[in-house]
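First comes the structure, then the notes that go with it.
The values are calculated or read from the model by the stated rules, or taken from the named source; none is laboratory data. Owing to the predicted nature of the structure, the values given are computational and were not obtained by experimental measurement. In this analysis, Cβ positions are derived from the backbone assuming ideal geometry, glycine residues included, and neighbour counts consider all displayed protein chains.
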Amino acid sequence: MDKEIGLLLITALSIGSFHTLIGPDHYLPFIMISRAQQWTYKKTLAVTLLCGLGHVLSSILIGFLGITAGLAIGKVKGWEGFRGDIAAFLLLGFGLAYMFWGIKTAGRGKLHSHDHLHYDGTSHEHEHAHANIHSHIHEGRKTTFWWLFIIFVLGPCEPLIPILMYPAARHNTGGVILVASVFGLTTMLTMALLVSLAYFGMKQLRFQFLERYANALAGLVIALSGVAIILGL
């Protein structure tokens with residue numbers, strides 16, 4: 001391994017972790033939805049890593065296509081920027097839809113008090129909900145993963161392309177693969193670490209009032225993440 005590739009690997013390692021850390025869209029959706037839908041740690045980690053893999057591989061594929069076609073870095077970054085805009089608006093839309101769904105299911109799960117009259121003339125009050133909130137959570141799980149996966153596949157890894165272009169310009173295919181692998185693994189492991197820390201940290205918190213609105217709150221946070229990307233924050 002020559003000195004330049006060694007430096008690129010260090011760059012890929014540092015940028016891969018740093019760009020994930022400062023991008024809350026890389027971990028907040030998993031943290032919030034996992035808490036709202038009461039996912040197990042195993043499922044939370046699996047969803048995070050699968051979405052991270054799709055996120056990284058899509059950018060690597062576009063980078064390789066751009067390198068193979070001999071496109072300038074500006075052209076490839078333009079594609080990535082376009083994909084990023086689509087992903088940001090999808091994240092916003094998904095968050096808003098999830099928030100309104102959460103509000104709707106929270107309302108259905110609210111307890112109501114009613115008088116119950118018996119034949120012998122006695123009466124009493126009892127509480128019930130118009131729908132089983134737990135069943136609605138299970139309904140939402142069917143599509144949540146696929147929406148997240150699609151959004152993350154469309155979401156670009158902007159710093160990756162310039163890093164890949166240098167070894168490609170030197171016709172070092174092995175270097176391109178090595179740099180892309182280090183960047184991808186670092187990004188995924190950083191996502192997994194942040195989500196894991198939040199998962200076990202939030203296990204210690206119990207807010208009874210917010211439990212019913214957990215899905216709505218998750219949707220709001222995800223929508224705000226989309227807004228932050230759109231505004232370039």
Search result, residues across segment 181-210 that are over 21 Å from the mean Cα position of the chain (by Cα) and part of a helix (DSSP H, G or I): Q208, F209, L210
query: Pick from L9, L61, L71, L57: which is assigned to a helix (DSSP H, G or I), out of contact with any helix residue (DSSP H, G or I) (no Cβ under 7 Å at 6 or more places or on another chain) and at pLDDT below 90?
result: L61
- request: Could you identify the single residue in I33, I22, I62 that is over 25 Å from V221 (Cβ atoms) and of a type in the set (A, V, I, L, M)?
  value: I62
task: Kindly indicate the residue of segment 33-45 that is part of a helix (DSSP H, G or I) and at pLDDT 90 or above and also surrounded by the most Cβ atoms within 10 Å (Cβ to Cβ) among those meeting that condition.
output: I33
